[in-house]
Every structure is written in structure tokens, then in C-alpha cells.
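Working notes for the structure below.
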DNA sequence: GCAATAATAATACGACCGTACTATTATTTG
DNA sequence: CAAATAATAGTACGGTCGTATTATTATTGC
């Protein structure tokens, strides 16, 4: 049974520690670097011992992506849902999204990596990352809709446009942070975000 | 001699056709998929025959990235420089950037792929992509500066912020196009771009 | 504590990896 | 046309890849 309340079996604990190493490796070097051998070394176990936890490399990759998404939900998405609907929740959604990678002490965002690695390669990973990204996009759009409903955003605010631009801000903040090593990445991102939000606010 | 005016030698022609296949492969499946074997097959030649053109896989990858950048310059950057300085040139710069991937009939942008694959992996590829991205960023910032100088942009326009947001728009348009297969990607991107540019215009 | 079972390791396999080294063709030059 | 050189192919090597099979060790239930 998958009962989180009971003490995990040894196997479950090992699997968790493998996935921890896997998420960190994928965030740093991409899913292509997730080979059974290197991962076994990082996890301090044998290739075959590790492999037994996943039926194939595909399943390992999907499990790693799912684990990354689970963490995103834990540290970013679910906490934002505790904020009251409307602009405040939307701000929480976007802000938590912007900060989740450093909050998780990862080099980069595994979802972003997965997207870039598999968007031209049909297969289970492409399906998985597409679904996750679609869901995330929908949640942002829902947040915008509720901010319209609350009267804080203009009625003609384009949800799709907002989610589109929001993702761009996150993506470019990764470039600044990871490639340019610019410590002001989050400052720039927050400014862009403010500009985006302000453009939707009802005049006052 | 590297004289573009004279007829290319057979070796140069082969190298060019290899790099053509390499750029397309990198755009579709990433630089990780650029293995000597698969590339030799796509290019219709032997592994060793292909390998002789590059001293190592590193050099092959760097050469592929350089070729992609060369194409970007040809179809996007240099044409924009022919437009008069100021807002019109800036629009050309950003617009050509947005369109260069489809104009080149590539699945995605090799520079974007390289960035995502190597931003956490020190080495020659990381250095190369960092340099290229910095240069591109600087050119956008220069374009903004000239648009300030021409009096079209507000004097306090933040060049860095503009270049930061501009890259985000490009990145998110790739997500829409390649992952979501959204045909409206460029429409959304152009709207975002207009909003960015308008926020910098002097009041009138 | 012993049998049953879960978890991990050992080993082996063919496939492909990057890269030398050698052989064979094309092409150019005298 | 022959000699020299450039371009490509052939072959081989140690390594790592993903995965299957078999063995060994931990853990659990009675």
C-alpha cells in the first residue's frame, strides 16, 4: 500500500533517496545525464540494485520528473492555494514559482530541462512533461480568471497571454541566474512580473 | 585558406553538409543526441570519415553551435543592422529573433538547447554558449540604448531589464510552439513584445 | 528462530560510445 | 600521367550504455 502515514519500508526509503539524487542530477546536467551507472554511483549502490526499483530507464526518467513535480507542488503550488483567491493568490502562485528552484536548492528547474530535452522526441517523457506543463499553465490561467472575478483585474484580461508571459519571465530568470550567474535575476524577474500584473489591473 | 569567394574544396563541402545535419539534429533532439555514429548515418558517411573533420566530439559540438550562430547572424541579426538606428532597428532585431527558427526551418533554437544542456556543465560548450548569449544580450541592450538616444524610448529605460524580458518572450514562444504546438505562439509573442516596447516609449 | 519474501548485488550480454591507427580511394599538383 | 596530398573508409579497442539472469543478503511474519 502507498500509505504515507506508516513507516516506509526499506525499499521505499531507498527509492526515495535514489530519486533525490536523480532530481538533483537532472537539475544540474539534464535528464540525459540520468544514466543507470552514474546514478547508482551517486546513490552509493550497484547498477542492478538501483535498476530493480524501476523497470526501465524510461520509468526512471518519468519517476524523476514526477518527483520534481511533487516537490514543486509541495513548496510552491499548494502553499499558494492557502492564500485567499484573487490577486493575492495569483501573486503567491507566480512568486512561489519564481522561487521554487532556489527554495529546493536545485541548480535549475527539472521541468524546464525536461521540456527542452524532450519537446522534439516523442515518447513517454514528452507526454509526461507536456501534461505537467499544461496543468501548470492551466493553474496560472485559473488564477488570472479568479483575479478577474474578484474585480482586481480588468474583465478583458487575456488569461492565455498572462500565462504565456509568466512562463517567459521564469525562463529568462533561469538564464540570468544559471548561465549569466547574475545575482539580480530575481530582481529583474520581479520587476517584469510587476509590470505584467500592473498591465492587467483595473484602473484606479 | 578560408576564402569564401573561391570554390570550396570537397572537404569543406562535406564539412558543411555534416554541420547542416548536425544543426538540424541538435535543434530537434539536443546536443546530447549529436553522437558520431548517428550523425555519420544522417550524413551518409562512415564514422571515421566524419570524425576526421573534427578532432573530438567537443569540437564537433562547438562547431555545430557556431554554425547555428552563424545562421542566426545571417538570417536575423545582420539584416536588422541594415535598418536605421532606433526603434525601427530594435523592432527588426527582436522580430527577426522571434522568427529565425521557423525562417531556418528548425524544430527549435540550437542556442536555447545548448544553454539548457550545458549551463550546469563546465567545459568548452558552456563557455561557448555563455559567450554567444552574452553577445546577443549585449546587442539587444545596444539596440535599446540607440532607441533611447533617438528619443523614442524614455531616457530612464532599463536596457538590462528590456533584454531580460525580451529573452523571456522568445523562450516562452518556443514552449508554446514546440511543446504545446500552439499555432498562436507568434501572435502571443508579438503582443508581449508590443507591451514591452510600449512601456518604454516616451509619452505622446 | 525459521521459513518466506523483499532488497540488493554479481555477473554477463550485445549495442553503441569516442577515438586511434591503418588502408583505400579522390583530388590536386607538377 | 605520375607523384603527392586530401578525403574517406575499415577496423579495432576499452568503456559505458540498458537490461536480463542468477546469487546473495536483509527484513519480515509466524
Exercise. Report the calculated FRET efficiency for residue B:35 and residue A:138 (r = Cβ-Cβ distance, R0 = 45 Å), to the nearest 0.05.
Key: 0.75
Practice problem: On a C-alpha basis, how far is the centre of segment A:13-78 from the centre of segment B:148-189 in Å? Whole number, if you could? | Solution: 34
Quiz item: Using every alpha carbon pair in the protein assembly as shown, what percent of pairs falls into each 20 Å bin from 0 up to the bin containing the largest distance?
Solution: 25, 55, 19, 1
Quiz prompt | 7 Å along Cα→Cβ, label-point gaps from residue B:49 to other copies, nm, shortest first | solution = 4.8
Quiz item: Between rounded, prolate and oblate, where does segment A:1-84 land on the alpha carbon gyration tensor, with a ≥ b ≥ c its root eigenvalues, rounded for a/c under 1.5, else prolate if a/b exceeds b/c?
Solution: oblate
Quiz item: What is the helix-to-structure angle for B:159-174, meaning the angle in degrees between its Cα long axis and the longest Cα principal axis of chain B, kept from 0 to 90 and rounded to the nearest 10?
Solution: 60
Practice problem: Tell me the label-point distance for the pair residue B:82, residue A:182, using the 7 Å Cα-to-Cβ offset, in nm and rounded to one decimal. | Solution: 3.1
Practice problem: Could you check how many percent of all C-alpha pairs in segment A:58-97 are farther apart than 15 Å? | Solution: 46
Practice problem: Can you tell me the 0 to 90 degree angle between the C-alpha axis of helix A:57-72 and the longest principal axis of chain A, rounded to 10? | Solution: 40
Quiz item: How many percent of all Cα-Cα pairs in segment A:60-142 sit more than 19 Å apart?
Solution: 38
Quiz item: Per the Kirkwood formula on distinct C-alpha pairs, the Rh of chain B is how many angstrom?
Solution: 18.4
Exercise. Compute the label-point distances linking residue B:35 to its equivalents in the other copies; points lie 7 Å from Cα along Cα→Cβ; give nm, one decimal, shortest first.
Key: 1.0
Practice problem: Relative to the longest principal axis of the C-alpha atoms of chain B, give the angle of the C-alpha long axis of helix B:87-103, reported between 0 and 90° and rounded to the nearest 10°. | Solution: 30
Quiz item: Taking every residue in B:159-167, how many Cβ atoms of other protein chains lie within 10 Å of its Cβ, on average?
Solution: 5
Practice problem: Note down the Stokes-Einstein diffusion coefficient of segment A:122-161 in µm²/s, whole number, using a Kirkwood radius over alpha carbon pairs, 25 °C, and 0.890 mPa s. | Solution: 218
Quiz item: Rounded to the nearest 0.05, what FRET efficiency do residue B:57 and residue A:57 have when you use their Cβ-Cβ distance and R0 = 25 Å?
Solution: 0.70
Practice problem: For segment B:111-194, just the Cα atoms, rotate onto the principal axes and tell me the three extents in Å, largest first. | Solution: 41, 34, 13
Quiz item: Under the rule of -39500 (n - 2.57) per DSSP H run of 4 or more residues, summed and divided by the residues of chain A, what mean residue ellipticity at 222 nm is obtained, to the nearest 500 deg cm²/dmol?
Solution: -21000 deg cm²/dmol
Quiz item: When each copy gets a label point 7 Å from Cα toward the beta-carbon at residue A:184, what are the spacings between them in nm, shortest first?
Solution: 3.5
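Coordinate-derived values only; no laboratory data. What you are looking at is a predicted structure, and each value in this text was computed from that prediction instead of being measured. Glycine gets a Cβ as well: all are built from the backbone with ideal geometry, and neighbour counts include every protein chain shown.
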